[in-house]
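The values are calculated or read from the model by the stated rules, or taken from the named source; none is laboratory data. Since we're looking at a predicted model, the values are computed, not measured. Every residue, glycine as well, gets a Cβ built from its backbone with ideal geometry; the counts of neighbours run over all protein chains shown.
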Number of protein chains: 2
Amino acid sequence: MDETTGTLYGPEELDLAARNHAMPLEALRYDLTPAGLHYLLIHYDIPDVDPAIWRLAVAGAVETPLSLSLEDLRARPRVSAAVTLECAGNGRTLMEPRAISQPWALGAVGNAEWTGTPLAPILREAGMSPDAVDVAFAGSDHGLEGDIEQDYERGLPAAEALREDLLLAYEMNGQPLPPQHGFPLRLVVPGWYGMAHVKWLRQIRVLEEAFAGYQNVQSYRIRAAEDDPGRPIQRIQVRSLLLPPGHPTFQPRVRHADPGRIEVRGRAWSGSGAIVNVAFSADGGRTWIDSELGPEPTPGAWRSWTAVWHAEPGEHELCCRATDASGATQPMEPDWNVGGYTNNAIQRVPVVVAARR
Amino acid sequence: MDETTGTLYGPEELDLAARNHAMPLEALRYDLTPAGLHYLLIHYDIPDVDPAIWRLAVAGAVETPLSLSLEDLRARPRVSAAVTLECAGNGRTLMEPRAISQPWALGAVGNAEWTGTPLAPILREAGMSPDAVDVAFAGSDHGLEGDIEQDYERGLPAAEALREDLLLAYEMNGQPLPPQHGFPLRLVVPGWYGMAHVKWLRQIRVLEEAFAGYQNVQSYRIRAAEDDPGRPIQRIQVRSLLLPPGHPTFQPRVRHADPGRIEVRGRAWSGSGAIVNVAFSADGGRTWIDSELGPEPTPGAWRSWTAVWHAEPGEHELCCRATDASGATQPMEPDWNVGGYTNNAIQRVPVVVAARR
C-alpha cells in the first residue's frame, strides 16, 4: 500500500494488468519499439486465426462487396510507416477518483514500423457510397462487455477512413504481425488512440448512418459524469515521456542516480500536429529548460529529445512537457473524466541522487 | 475489489505487474510460445547492451580465463531446444497471506525454442577447478534489492553447471534474443525455475565455495517463517494449466461457454520427471478423468493434453492435475511459504455455461 495516497487496486484491475502490458519506460531508448515491449491492450482473448481460410470482407454501402485473402492484400501496393500508438486509457491510475478498468500508469505506448497496404484505394475500388457516414471495423476477438456479447468493432468517420495514410497492416517491424498485435491483419490509423487500430481485422462495413456499436457509443468516450453521453475519443493528445535515469530498486520502484552530468532522453508525440518543443524540469515543474529535439520524424511517429541535467545529491523530480504545432501543450494536472481517458498530464519521475563518492 | 475475498493490491505490486507480464492463458494453444506472449520477470531495467563490444567473461577458479565475443559463441556448436520456463513466483497471489512482490496469478510460464551453444564444453576448455562448488552467472541488469546494489547474479551447483543440456542461448524461436529476454546472451537451465536462466549474461565465475550472492542466499528460497534461512529454489515442480474455454467478459474476467461437447486443451510440465498423467475435473476436483496426452516432448518442454467435457448449462469449475515420472503430483491447495514461491496447486477455472438456445 502506498502510504502517501493509500491507493489500492482490486483483482479485476490486477487480472487486466497481468494480461495487458505496458512498455517499460527504459524501452523509450528504442526508436522502433521491439515486439514484446510495445504496449498491448486486448479486450477479450487473442483469437486463433487460420490465415489460409481467413478473408477480409468489405461490405455494407458499397457497389461491389469484396472478400480479400492475405495473398490479395500482399499483392497490393506495400507501404511501411513508423506510427506511435497509445492507449486512450494511458495515465488512468493517475486520475483521482480512478475509473476501474485496465490500470495503466504511463507506459501504454509504443512506436513500431507497420507494413501493409493503404485502405483508401480498397474502399474506392469497392465503390464506397458517397453518402457514407461511418466505416466500422470488426475484429475476430469475441467477448462480453457492458453485458453485450460482441466482436470488438469500432467505427471511424468516413472522411477519416479515406485518409491516404491509413494502413491495413500485415507486418510489424518487418515480421508478420505477432498474434497479440492482430495477426493476420490490423488497421493502423496514424494520430488516433489505440482503440481505432482494430486488430484481427475481419470485416470493414460502410455505413450510411452513424455507427452505433458499443466501442463508439458506450465505451471510449470523454464523459464529465455518468449521465453525460460524452464525445468519442479520437486523436492522441500531445505527450512526452522521459527514460528514467540511473537504476531502480526492485520494489518499490524508486530511481537512484549518481551525481554529475546526466543526459536525459525521451520521446514526444501528438495526434494534432508535429512536436515543436519539449521542456524539461528537474524541480517538479517549477523551472523549465528547452530540450534539444531530435530529427523531425515521419508523420505519426514520435520524436526524440534530450536535455542535460547536472544532478546534485538529494531528491529531485524530473518532468517533461511537450508542445505541438497546433499550440497544444501538456497540462500540469490531469483533465479528469469518468472513464479515465486521454490523460496527458506531465510525467513526474522522482530520482534520488547519491552523495558524491 | 473481490467481494468474496476482499483482496486488494498495493501500488508496488501494480508497478511490477505493469512491467512484468504473464502469458495470457489462451497462448497455451501454441506449442512454442511466441515472443511477446512468453512471461517476463525482470528485476531491474532491461540493460542496453552493445553486441559489438559485449564479451562473456569466464573467470574465477579456472586455469584459463576466457573472454568470448558473440561471434566466438556463434562459431561454436549450435544446439536448439524447446524449454519450458516458469517463474518461481508463479501462483503467488493464490497463497494466503500473500508475499508482496510480483503478483503472479498463473501465467508466469512459456515454452520457447532456445538456440545457442552448450555451456559445459566451455567450462571444460577454461579448465574449471575440480574443487568447484558453485558457478555464479552475472547479468548486466543493475539495481537495488534488499538494500544491496547489485547486478543480477545467481549461482548453480557445479554439477548442474556441467550438465550437457545447459545452453548459452543467443536466439529465441529462431530470432536473435529480444532485449527483454536477455540480448545478446542468456543462460538456459532446463527443468529449473526462471531465476536460474540468467539474462544479459556477462560473466561466469567458478567458485570453490558456495555462492553467497543475494539471489541465492536471501531471495529465491523456500522459508517456513521470516527467521528460517530456508532452502534454495531449484527445480520446477510438476504443474498443468488449461486453456480457458469459451469467451471472456472484459472485466471482471469471467468465462462463458455454450453447452455441448468441448475439447479442453492444456499443457503440463515438471522439472523432476516426464509427465505421465494429467487428470481433468469439471466439478472443482471432486471427480476426475484421465486426459489424453499429446506426443512425448523433448526433455524440458511441456506436454500437451486434451480432455472432452460435455458442458451442461450452469456454473462449473474446471481443474487439471499433472503427475510426473517421479510420482510427484499437484496438490489441491498451495504449500505456503514466506516468499510465495513454487505454488503448483491445481488451477481452478470457473466457467458459466449458457442455457440451450
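If you go through the stretch B:181-195 one residue at a time, do you hit one that is within 14 Å of chain A (Cβ to nearest Cβ) and surrounded by fewer than 19 Cβ atoms within 10 Å (Cβ to Cβ)? Checked the stretch B:181-195: no residue is within 14 Å of chain A (Cβ to nearest Cβ) and surrounded by fewer than 19 Cβ atoms within 10 Å (Cβ to Cβ). So which residues in the stretch A:263-299 are of a type in the set (Ser, Thr, Tyr), under 13 Å from A:Ala322 (Cα atoms) and without any contact (Cβ under 8 Å) to a residue 40 or more places away in the chain, if there are any at all? Within the stretch A:263-299, just A:Ser291 meets the criteria. Checked against the criterion of being acidic (Asp, Glu) and exposed (fewer than 15 other Cβ atoms within 10 Å of the Cβ), the candidates B:Asp15, B:Asp72, B:Asp45 yield just one match: B:Asp72.
Scanning the stretch B:300-318 for residues that are over 30 Å from B:Ser80 (Cβ atoms) and without any contact (Cβ under 8 Å) to a residue 40 or more places away in the chain returns B:Gly314, B:Glu315, B:His316, B:Glu317.
Comparison of B:Asp141, B:Asp147 shows that the only residue that is more than 24 Å from B:Ile275 (Cβ to Cβ) and more than 20 Å from the chain's Cα centre (by Cα) is B:Asp147. Considering only the stretch A:281-290, I want to know if a residue exists there that is away from chain B (no Cβ under 14 Å), buried (at least 20 other Cβ atoms within 10 Å of the Cβ), among the small types (Gly, Ala, Ser) and closer than 25 Å to B:Glu149 by Cα. Yes. B:Gly146 meets all of the listed conditions (1) within 19 Å of B:Met195 (Cβ to Cβ); (2) at pLDDT 95 or above; (3) within 14 Å of chain A (Cβ to nearest Cβ) but one, namely (2). There is no residue in the stretch A:198-219 that is at pLDDT 95 or above and under 21 Å from A:Leu28 (Cβ atoms).
Of all residues in the stretch A:39-85, those that are β-branched (Val, Ile, Thr), under 30 Å from A:Glu145 (Cα atoms), more than 14 Å from chain B (Cβ to nearest Cβ) and part of a loop (DSSP other than H, G, I, E, B) total 1.
Summed over the stretch B:112-125, the residues that are surrounded by 24 or more Cβ atoms within 10 Å (Cβ to Cβ) and within 28 Å of B:His21 (Cα to Cα) give a count of 3.
Any chance the stretch A:107-117 includes a residue that's among the aromatic types (Phe, Trp, Tyr), under 19 Å from A:Gly213 (Cα atoms) and not in a loop (DSSP other than H, G, I, E, B)? Looking for residues that are among the aromatic types (Phe, Trp, Tyr), under 19 Å from A:Gly213 (Cα atoms) and not in a loop (DSSP other than H, G, I, E, B), one finds none in the stretch A:107-117, hence no.
Are any of the residues in the stretch B:207-219 more than 30 Å from A:Gln102 (Cβ to Cβ), β-branched (Val, Ile, Thr) and in the same structural domain as B:Arg154 (by TED's automatic domain parsing)? Yes, there is a match, as at least one residue in the stretch B:207-219 is more than 30 Å from A:Gln102 (Cβ to Cβ), β-branched (Val, Ile, Thr) and in the same structural domain as B:Arg154 (by TED's automatic domain parsing). Checked against (1) within 9 Å of another protein chain (Cβ to nearest Cβ); (2) more than 30 Å from A:Glu164 (Cβ to Cβ), A:Arg98 passes all but a single condition, namely (1). With respect to the conditions (1) surrounded by fewer than 22 Cβ atoms within 10 Å (Cβ to Cβ); (2) under 22 Å from B:Leu168 (Cβ atoms); (3) out of contact with any Lys or Arg (no Cβ under 8 Å at 6 or more places or on another chain), B:Met128 lacks only one, and its number is (1). For the stretch B:149-180, the tally of residues that are of a type in the set (A, V, I, L, M, F, W, C), more than 10 Å from chain A (Cβ to nearest Cβ) and in a strand (DSSP E or B) stands at 4.
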